[in-house]
Amino acid sequence: MAGTNPKNPIKASPAEIRDKSRKLLHIYNLPKINLDSDQEVEDRINYYFDYCMQEGLKPTVEGLALALGITRQAIHDWETGRRRGASSSRRADMVKKAKDYIAFLMSDAALDGKVNPVVWIFYAKNYFGMTDKQEIEVKGPNPLGDTLTPEDIAKQIPQDIPIDTDWTDE
């Protein structure tokens, strides 16, 4: 049965692995592009998405990086503008749009029950900047109560506490 071999955790038959590997190897073997050219980067991004559609591959950030011949970190650096001078605001916009497309595709599939929620959460947090936030408001008990008047509070203060009436703020 596919996926039961601990040395091969992919739940696919050898034929499925062969077919998928052939498609991924095509992306791996794409010729290098001039990474200083925004136009070549944009053309490669479009090619990657077209190829995924033609071959029935699910676009991923990893696949996008592989198609561009760069690392996932380089994609992040382009997106945030931390990459060397060759990176432009146009490049950042292209990468953001490409990642938004992948995020939209995955979230749509997740809503249709086609992506495991754990996988979607992992991707959303690690590649698309989404976070879990929980606001907690901590209220300690009021030892004097909530409805006490100043007179009620004065009654609760022991009368034998010495008060320094000669004290000044000087």
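Here are the numbers:
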item: Formal net charge of residues neighbouring L24 (Cβ-Cβ distance under 13 Å; K, R +1; D, E -1); result: +1
item: Relative contact order for the chain, counting Cα pairs under 8 Å that sit 6 or more residues apart, in percent; result: 12
item: Gyration tensor (Cα) of the chain, equivalent ellipsoid semi-axes in angstrom; result: 60, 25, 14
item: For the chain: accessible area per residue (Å², 1.4 Å); result: 76
item: Under 14 Å, Cβ to Cβ, from D100 - net charge with Lys/Arg +1 and Asp/Glu -1; result: 0
item: D (Stokes-Einstein, µm²/s), Kirkwood Cα radius, segment 98-150, 0.692 mPa s at 37 °C; result: 228
item: FRET efficiency estimate (nearest 0.05) - Cβ-Cβ, I161 to K20, R0 45 angstrom; result: 0.05
item: K133-I153 FRET efficiency (beta carbon distance; Förster radius 35 Å; 0.05 resolution); result: 0.40
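The values are calculated or read from the model by the stated rules, or taken from the named source; none is laboratory data. Just so it is clear, the model here is predicted, and its values are computed rather than measured. We place every Cβ from the backbone using ideal geometry, glycine too, and count neighbours over all the protein chains shown. Quick note on the areas: whole protein, heavy atoms, side chains included, nothing else; ligands and nucleic acids left out. Shrake-Rupley method; radii C 1.70, N 1.55, O 1.52, S 1.80 Å.
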